[in-house]
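What follows is one structure encoded as structure tokens, with my remarks underneath.
The values are calculated or read from the model by the stated rules, or taken from the named source; none is laboratory data. Predicted model only: the values in this text are computed from it and were never measured. Every residue, glycine among them, receives a Cβ derived from its backbone with ideal geometry; neighbour counts consider all protein chains shown.
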Amino acid sequence: MQRIFLTGFTLSILACNQVWASAPGIKVPGTRVFLSPPEGFAPAEGFNGFIQKDLNASIIVTEIPGSYEQVSSGFTEKELAGKGMNLTASSAITKDRHTASLIEFTQMAMGKKFKKVACIFGDRVTTTLVTGAMPEDGSKELFATLKEAVKSAHFDPRARLGGIEDGLPFTIADTKKFKKATRLQNTILFTTTGKASPGRDNGPLFVVGHSVGEVAIENRETFAKERLTHTPQLKNIIIDKEKSIKQADLTGEEFLAQGVDVEEGTPTYIFHTVLFENDGYYIFQGLCPISERAVYEPEFQALVKNFHLR
């Protein structure tokens, strides 16, 4: 019923059989990727990558399940424009005898315009996305160093990946029906089988994720509602019920809603919760066919109750 889309936030790390040679550089925590970050960049605490806080610049590394051809097709001018990004340059490069893509684009984030460069490479199973970002008014020299850094990235299948919750500021236990399946950056995906496949029907889904970086939120209720109404791949979202909740000493908003799957036209039940901290938030979302709401709503609620901060 539910598919995992390569450009959505429910993707995570799956098994991989890429064969890349070991390369010099620093291992990016939480990944099997090595790269050479620019001078002054330190390992980030809120995401897999590096950050230079004084310059508001970063490098984020994401391992995506899915072939290079499938993933790279989502980075065309048209596809990026549909997600609020403006493609400014694109070229094919060679990385370890494999074709890779190097793109440049701009994007609004937190009220500011950022200039970004991304290197995309992989094989028929897994793709690596390495993105460098800086304010649009940053120096040309900084952007040049970001470009060289993302191009330096290499994947090593022999590197230890670690546990699915490693490095996260929270823990969340499985329930009787839902098991941890995959992880993408700060987001964990649960399925009823404990497995997930991109672009395919994975049945009912539940995701929990932590915001990246510091986020200033003026109206929490409005923010939580907007995140619900912008759920990827769903339309005609109607809220049935809303209430305030508290979990793990955090307060937030819980929404029970329904919508329609964009591609299949399937009526879908949406369980949506956001818990807030001083400078960020945690988001929870469960999806299942509307006809199975009675079965899975208690499971979605149980997963939120299983959430605890470290």
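Some values worked out for this structure:
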| read-out | value |
| --- | --- |
| Single residue of the range 57-70 satisfying the filter (of a type in the set (Gly, Ala, Ser) and surrounded by 20 or more Cβ atoms within 10 Å (Cβ to Cβ)) that is farthest from Pro29 (Cα to Cα) | Gly66 |
| Lone qualifier among Gly162, Gly203, Gly194 - being in the same structural domain as Gln301 (by TED's automatic domain parsing), touching a residue at least 40 places away in the same chain (Cβ under 8 Å) and not β-branched (Val, Ile, Thr) | Gly203 |
| Odd one out for Ile283 among (1) more than 29 Å from Gln70 (Cβ to Cβ); (2) among the aliphatic types (A, V, I, L, M); (3) touching a residue at least 40 places away in the same chain (Cβ under 8 Å) | (1) |
| Cβ pairs under 9 Å, 6+ apart, first in the range 84-108 and free of Cβ contacts under 8 Å to residues at least 40 places away in the same chain and not assigned by TED's automatic domain parsing to the domain that holds Val33, second among the hydrophobic types (A, V, I, L, M, F, W, C) and in a strand (DSSP E or B) | none |
| Evaluation of Thr266 against (1) surrounded by 15 or more Cβ atoms within 10 Å (Cβ to Cβ); (2) at pLDDT below 95; (3) out of contact with any helix residue (DSSP H, G or I) (no Cβ under 9 Å at 6 or more places or on another chain); (4) more than 30 Å from Ile59 (Cα to Cα) (one fails), failing number | (3) |
| Tally of residues being of a type outside the set (Gly, Ala, Ser) and assigned to a strand (DSSP E or B) across the range 25-75 | 16 |
| Filter result for Phe34 (in contact with a His (Cβ under 8 Å, 6 or more places away or on another chain), modelled with pLDDT of 90 or more and either under 21 Å from Asp201 (Cα atoms) or crowded, with 18+ Cβ neighbours inside 10 Å (or both)) | yes |
| Flag if Phe121 is in contact with a strand residue (DSSP E or B) (Cβ under 7 Å, 6 or more places away or on another chain) and not in a strand (DSSP E or B) | no |
| Ala294 closer than 24 Å to Gly46 by Cα and among the hydrophobic types (A, V, I, L, M, F, W, C) | no |
| Tally, over the range 71-92, of residues that are surrounded by 13 or more Cβ atoms within 10 Å (Cβ to Cβ) and within 19 Å of Ala109 (Cβ to Cβ) | 8 |
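This table checks each residue for (1) in contact with a Cys (Cβ under 9 Å, 6 or more places away or on another chain); (2) modelled with pLDDT under 85.
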{"residue": "Thr62", "(1), (2)": "no, no"}
{"residue": "Pro65", "(1), (2)": "yes, yes"}
{"residue": "Gln70", "(1), (2)": "no, no"}
{"residue": "Thr88", "(1), (2)": "no, no"}
{"residue": "Ser91", "(1), (2)": "no, no"}
{"residue": "Arg97", "(1), (2)": "no, yes"}
{"residue": "Ile103", "(1), (2)": "yes, no"}
{"residue": "Thr106", "(1), (2)": "no, no"}
{"residue": "Lys112", "(1), (2)": "no, no"}
